[in-house]
1. Over the chain, what is the relative contact order in percent, taking alpha-carbon pairs closer than 8 angstrom and at least six residues apart?
2. For the pair Glu82 and Phe336, how long in nm is the line joining their label points, each one 7 Å along Cα→Cβ?
3. Starting from the Cα of Lys55, draw a straight line to each of the lysines and keep only those under 28 Å, dropping any in the same chain fewer than 8 residues away.
4. On a straight-distance basis, which aspartates and glutamates could pair with Lys141 in a cross-link, Cα separation under 20 angstrom, same-chain partners fewer than 8 positions away excluded?
5. If you put +1 on each Lys and Arg Cβ and -1 on each Asp and Glu Cβ, how big is the dipole of the chain around its Cα centre, in Debye rounded to 20?
6. Which of Val311, Gly296, Val277 sits closest to the plus end of the dipole of region 259-352, meaning its Cα is farthest towards the positive end, when Lys and Arg get +1 and Asp and Glu get -1 on the C-beta?
7. How much length is gained if the chain between Ala261 and Lys316 is pulled fully straight, taking 0.36 nm per residue apart and subtracting their Cα-Cα distance, in nm to one decimal?
8. Starting from the coordinates of the alpha-carbon atoms of the chain, obtain the Kirkwood hydrodynamic radius over all distinct pairs and give the value in Å to one decimal.
Amino acid sequence: MRPKISVIVPVYNVEMYLKRCVESLLQQTLYNIQIILVDDGSTDGSGRLCDEYKKMDSRVLVIHKENQGAGLARNSGMEAAEGEYIGFVDADDYVDETMYEALYQGVIAYDADIAMTGARFIGGSLFEAGGKEEKRYCFDKYHLFETGAERKELLLGTVGALPQEPEDTKYGFCVWKNIYRRDLIFENGLAFESEREFISEDMLFLIDFFRYAGRAVGVPGAHYYYLRNSSSFSKSYREERFEQSKKMLGEICRKLSLTMAREDFLLYVDRYFQSSVRIAVTQEIQYAFAGGMTAGKLKERLCQICHDEEVVKVLKRYPYWRLPLKQAIFAFSVRFRLTGLQRLLVHIRKNV
């Protein structure tokens with residue numbers, strides 16, 4: 001019998017988390033799923049654990065490959081996927097036992113190409129110390145996106161948000177809390193870019209998918225558990241992060257321009273970019289606080305970002321004063337190159 005959903009898990013040196021992740025999939029109330037573990041050249045015991053789960057349960061398929069990153073590992077998993085729909089889980093995260101049944105019921109009830117839900121974030125964020133679980137419900141009831149205007153609103157709300165909205169993206173630009181119709185992916189040749197090439201391969205995949213999707217359904221709840229891991233690829237310090245953010249901005253604009261006018265998406269893309277700048281500045285400061293660079297080098301790096309032509313252009317036109325208060329203050333500090341205020345804000349938020 002064909003699996004209803006193939007769940008793809010890129011695995012790289014996550015031995016201490018993998019058991020919780022895989023067992024959350026094995027315990028799904030929707031039994032008829034395929035679990036594809038893609039060992040991306042792990043050097044710890046992760047690959048061995050994958051093989052043990054394959055022996056334990058016939059629903060588990062294991063792929064061993066050389067290390068190329070999560071995006072290309074997902075592509076390898078998609079090539080082996082047999083399910084009607086495809087889902088993705090990061091190996092250091094996990095899901096509640098009803099997640100895939102809830103998503104599958106959604107796509108069947110509405111004949112949708114994609115079903116989306118919310119997430120729970122565990123641990124501290126880039127900006128704040130660890131602590132309580134944070135729930136983000138994208139939908140409080142089933143929500144169908146069907147008309148052209150509705151699908152456009154979904155796409156824009158995935159890339160960014162309006163200034164007054166609380167989060168930088170209304171619906172989230174991560175692929176792991178959704179399921180996607182497999183045939184639509186293969187008929188249109190969709191695939192992930194490498195995260196070594198683009199800083200958010202998830203968003204680029206979603207933009208491409210929404211270009212071809214007909215119906216989309218939002219499913220109430222927050223079924224995905226995202227572990228905020230300070231050692232993860234997305235949060236570890238990278239000197240090239242800011243330049244990669246600018247490259248990402250150009251690619252987002254290029255893809256969106258294929259289906260809509262620039263004035264239709266500019267406000268949403270500007271929200272995305274100013275948030276990327278906030279992350280880049282924060283990482284520079286935290287890296288310096290941890291002893292990774294001198295105070296002089298930090299000032300040089302912050303001035304480079306604040307004086308960047310693209311940053312100046314975006315923050316000159318963007319209504320940052322309409323953002324939530326903390327975000328507005330940070331954007332103000334970048335707009336007027338107040339590097340001392342930036343350091344103070346990061347210090348305060350990291351220690352509250």
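Since every read-out is calculated from the coordinates, none of them should be taken as a lab result. Since we're looking at a predicted model, the values are computed, not measured. With ideal geometry, Cβ positions are generated from the backbone for all residues, glycine too; neighbour counts draw on all protein chains shown.
1. Details: 637 pairs, mean separation 63.0, N = 352.
Relative contact order for the chain comes out at 18 percent.
2. So the two model labels end up 6.3 nm from each other.
3. Correct list for Lys55: Lys4, Lys19, Lys65, Lys177.
4. Asp96, Glu97, Glu101, Asp111, Asp113, Glu150, Glu153, Glu165, Glu167
5. Numbers: 48 positive and 50 negative charges, 278 e Å.
It works out to roughly 1340 debye.
6. Working it through, the farthest residue towards the positive pole turns out to be Gly296.
7. Numbers: separation 55, 0.36 × 55 = 19.80 nm, distance 2.09 nm.
Computed gain between Ala261 and Lys316 is 17.7 nm.
8. Numbers: mean 1/r = 0.0474 Å⁻¹.
Computed over Cα pairs of the chain, the Kirkwood hydrodynamic radius comes out at 21.1 Å.
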